[in-house]
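The block underneath contains the structure these notes are about, expressed in structure tokens.
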Amino acid sequence: MRNMRVWVVGSIWEQPARQRRPDETTLFPGLFAQECFNDSNKFYCQLNTKTPYRFVANYNDSQLHYPGCTEKKIWMMIRHGTRFPGKKHIKKMKTILSELKNKIIENFNKNNSELSVDTVERLTEWRRSFNKDDDKNLALEGEHELVDLAERMQARFPKLLPEDYSKDVYKFKYTNTQRAEKSAKSFALGLFGQNQSMSIGFPEAENKDPILRFYKRCDRWKIEVDENPETYKEKNSLIQSQILGKVLDNVSKRVGFKVNYEEVYYLYMICAFETAWDATKNSSWCDLLSLDDVKVLEYVEDLELYWVDGYGHELTYKQACPALRDMFTFFDSSEKALATAYFSHSGTVLKLLSILGVAKDDKPLTFQSYSSHLNSRKWKSSLIDAFASNIAFVLYDCEKQGSSILLLHQEREVQIPGCSSKSLCPVSQMKDIFPDTEQECRFNALCSV
């Protein structure tokens with residue numbers, strides 16, 4: 001009876017048994033058969049970091065077997081699930097979207113709009129489903145994402161993720177945020193069911209956690225990258241270009257009045273959030289954007305993420321070495337623990353992917369590379385950094401090659417860049433490629449100003 005829950009408004013903790021996500025294809029026929037890793041040419045596959053995990057998840061939860069190898073431990077870094085906007089954006093969205101809605105209705109009534117009657121009717125009925133108190137809190141969909149992720153991972157690795165909780169077997173930790181904490185507890189619900197999960201004692205969250213949010217401690221990165229205007233020049237170049245201007249013209253023509261970038265940005269944001277929050281319907285705001293418009297807006301955001309959190313600056317991803325060291329230390333330890341599960345944020349996941357060399361394009365993402373990268377790039381936040389994105393390392397003991405590591409991203413096997421093996425990489429080779437000691441991971445020296 002592990003999956004029995006009772007519906008309570010705003011919570012998954014006591015909910016009735018619900019069908020797993022693949023059964024929701026009745027809501028969007030073909031949706032999961034055409035999920036974004038197989039066919040990303042859909043609007044809901046261009047929602048950048050606001051993409052719900054149901055469009056990215058790997059629903060094949062069969063156990064993984066490698067001949068002559070036995071799984072020994074698992075280490076996971078998991079982004080929190082679908083959340084609400086931050087307070088700053090909530091305030092802006094309240095004003096901008098209300099004004100847009102009124103103008104759209106007014107211009108439609110004057111026959112100055114290309115929008116359909118159905119779209120305008122749905123916008124007329126639209127009401128904000130969030131307020132300032134929701135400030136980045138986990139949404140109900142986010143809870144579902146983590147429960148479902150836990151169930152699939154447990155199905156793949158039943159020996160490493162047993163259904164009976166033991167503090168000696170499991171190591172959990174989350175950042176000092178509501179969304180990470182609730183994600184961790186939802187993940188535990190998926191593993192252990194209601195009774196056990198409610199009694200787990202999680203360690204106290206640290207402010208600026210050195211493993212889960214290392215970049216909050218890197219003063220040099222804050223100054224040289226995060227707060228440096230030069231970091232955003234590629235994004236700003238695209239915003240000021242004719243490419244983005246065409247998007248503004250397209251939206252202006254549809255609604256019947258001139259719109260600016262800020263208005264379209266929040267239109268795109270509410271489209272993404274409302275798509276994430278509700279698996280049963282599309283946001284009416286999405287109807288104001290074409291697929292081509294959404295692709296451009298996604299690329300604008302990807303340019304920022306690439307230069308702030310990704311491959312744009314060596315310092316950005318080198319500072320992720322404490323997380324890798326923690327993984328190596330856990331695997332080397334003789335302690336009884338089988339599983340480490342950390343619950344963190346987009347900035348952590350992207351930097352960790354970058355230090356690993358995952359989702360790296362042959363050429364840097366720039367404004368100038370727009371034409372070649374728009375429809376063909378590895379650094380696509382909608383796929384690599386959706387809500388509830390996850391990275392997992394699985395340690396195996398192999399008869400022929402000894403201790404080896406499997407890398408999973410979004411629940412899919414990924415070849416470790418630089419490793420000669422296509423599946424399991426020998427630990428010795430991994431340690432040659434990546435920093436695993438204090439001497440190789442000199443975080444304080446790297447980040448001091």
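The values are calculated or read from the model by the stated rules, or taken from the named source; none is laboratory data. Predicted model only: the values in this text are computed from it and were never measured. Note that each Cβ is placed from the backbone with ideal geometry, even for glycine, and that neighbours are counted across all protein chains shown. Just so you know, the surface numbers come from the protein's heavy atoms only, side chains and all, with ligands and any DNA or RNA stripped out. Shrake-Rupley method; radii C 1.70, N 1.55, O 1.52, S 1.80 Å.
Here's the picture: a label point sits 7 Å out from the Cα of S98 along the beta-carbon direction, and within segment 105-149 the residues with their amide nitrogen under 18 Å of it are 105-106, 123-135. Select from the chain the helices, each a whole stretch of DSSP H, whose alpha-carbon atoms run 18 Å or more along the helix axis and whose Kyte-Doolittle mean is at least -0.5; answer none if there are none. Correct list, ordered by number: 242-255, 261-277, 291-309. Overall form of segment 243-371: oblate. Here a/c, set by the Cα gyration tensor axes a ≥ b ≥ c, is 1.5 or more, and a/b is not larger than b/c. First check a/c for segment 255-309, with a ≥ b ≥ c the square roots of the eigenvalues of its C-alpha gyration tensor; if it is under 1.5, answer rounded, and if not, answer prolate when a/b is larger than b/c or oblate otherwise. Oblate is the answer for segment 255-309, as a/c is 1.5 or above yet b/c matches or exceeds a/b.
What percent do you get for the relative contact order of the chain when only Cα pairs under 8 Å and 6+ apart count?
Over the chain, the number comes to 26 percent.
Under 28 Å of direct C-alpha separation, and excluding same-chain neighbours fewer than eight residues apart, K159 reaches these lysines: K72, K73, K167, K171, K173, K182, K185, K336, K400, K422, K431.
A convex hull fitted around the alpha carbon atoms of segment 352-449 yields 148 Å³ per residue.
Going by average Cβ neighbours within 10 Å, how do the peptides 368-376, 115-123 rank, with the highest at the top?
The most tightly packed comes first, giving 115-123, 368-376.
Work out the FRET efficiency for A337 and T280 from their Cβ-Cβ distance, taking R0 = 45 Å, and round it to the nearest 0.05. Taking R0 as 45 Å, the efficiency between A337 and T280 is 0.70. DSSP bridge analysis restricted to the chain gives an antiparallel fraction near 70%, rounded to the nearest 5.
As a size descriptor, the averaged projected area of the C-alpha convex hull of segment 330-390 was calculated at 5.6 nm².
The modelled label-to-label distance for the pair D39/T329, using points 7 Å beyond Cα in the direction of Cβ, is 4.7 nm.
Annotation: extensible slack from D168 through D226 equals 17.0 nm (criterion: 0.36 nm per residue apart, minus Cα-Cα distance).
Sorting D287, D164 by accessible area puts them as D164, D287; the probe is 1.4 Å, largest comes first, and only protein heavy atoms count. Here the Karplus relation 6.51 cos²θ - 1.76 cosθ + 1.60, evaluated at θ = phi - 60°, turns the backbone of segment 224-230 into coupling constants of 7, 10, 4, 9, 8, x, 4 Hz, with x for every Gly and Pro.
Restriction of the GluC sites (Glu not before Pro) in segment 142-201 to DSSP coil positions whose beta-carbon has at most 16 other beta-carbons within 10 angstrom yields E163. With both labels modelled 7 Å from their Cα along Cα-to-Cβ, the R217 to E314 distance reads 2.3 nm.
In this structure the chain gives 44 Å² per residue of accessible area when probed at 1.4 Å with all protein chains present.
The length gained on full extension between E206 and Y66, counted as 0.36 nm times the residue separation minus their Cα-Cα distance, comes to 46.7 nm.
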